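Worksheet: one structure, shown below.
The values are calculated or read from the model by the stated rules, or taken from the named source; none is laboratory data. Computed from a predicted model, the values in this text were never measured in an experiment. When we count neighbours, we look across all protein chains shown, and the Cβ atoms used for this are built from the backbone with ideal geometry, even at glycine.
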Amino acid sequence: MAAQVSDVHLTWAEPPGQLKEIVSRLTDLAGAAGRTLRFGTRVDIIARDTEEEAWADVRKFAKLVDRSILQRRAAAAGADSTGRARQAALRGGSIDRVEDLVVSTNLWAGMNLLGPVPALVGSYEQVAERLEEYQDIGLSTFILDGAPHLEEAFRVGQEVLPLLRDRKAAAPAQAPLAAAS
């Protein structure tokens, strides 16, 4: 359906290899229909000066969340959509340790216990690298979120996006940055 009628196929963040498969498959389907399709993702951001600080904040956040609510949500996640089912599959069965929910480099599936979206967790540089990795597989549209919203929006806008722009400016010409926080 996306290949036939969408202008932008938006998905929740997944490991880049998995998203690359989706981009490739839908690009081929859109091409066969004589169309061009753009791609984007929605991802939470937990970025700090250092990776250790970012994971420390994840651990604080995880301690605040009621485990019984998480277990009920984990059991029900995936019942209402393909996207939620894919996100639940990223988590596997364990929600006992923060580390059990790391599904790719700097990609933490713990946020999707509260909603469908995982989070990029790491230093400002690491998060910029992961966003660039998503751009390199063909994503051009980003919905970036975080918690607390205002503070994370400032961090992303002041620390992460300038790094990403600098990295793109130093690289050979590619698609322009279309991310906003």
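Report whether or not Leu90 is of a type outside the set (Gly, Ala, Ser), under 20 Å from the mean Cα position of the chain (by Cα), assigned to a helix (DSSP H, G or I) and at pLDDT below 90.
Numbers: of a type outside the set (Gly, Ala, Ser): yes; under 20 Å from the mean Cα position of the chain (by Cα): yes; assigned to a helix (DSSP H, G or I): yes; at pLDDT below 90: yes.
Considered against the rule, which asks whether it is of a type outside the set (Gly, Ala, Ser), under 20 Å from the mean Cα position of the chain (by Cα), assigned to a helix (DSSP H, G or I) and at pLDDT below 90, Leu90 comes out as yes.
Of the numbered conditions (1) in a helix (DSSP H, G or I); (2) among the polar types (S, T, N, Q); (3) modelled with pLDDT of 95 or more, Gln4 fails exactly one; give the number of that condition.
(3)
Scan region 165-176 and report the pairs whose first residue is farther than 18 Å from Phe142 by Cβ and whose second residue is modelled with pLDDT under 80 and among the polar types (S, T, N, Q), with Cβ atoms within less than 8 Å and a gap of 6+ or a chain change.
No pair meets every condition.
Residues are listed down the side, and each one gets a yes or a no for (1) assigned to a helix (DSSP H, G or I); (2) among the polar types (S, T, N, Q); (3) surrounded by 17 or more Cβ atoms within 10 Å (Cβ to Cβ); (4) at pLDDT below 70:
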position	(1), (2), (3), (4)
Glu99	yes, no, no, no
Val103	no, no, yes, no
Gly110	yes, no, yes, no
Val117	no, no, yes, no
Arg130	yes, no, yes, no
Ala153	yes, no, no, no
Pro162	yes, no, no, no
Ala173	no, no, no, yes
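Only one of (1) closer than 25 Å to His9 by Cα; (2) of a type in the set (A, V, I, L, M, F, W, C); (3) surrounded by fewer than 20 Cβ atoms within 10 Å (Cβ to Cβ); (4) modelled with pLDDT under 95 fails for Ile137. Which number is that?
All conditions pass for Ile137, except number (4).
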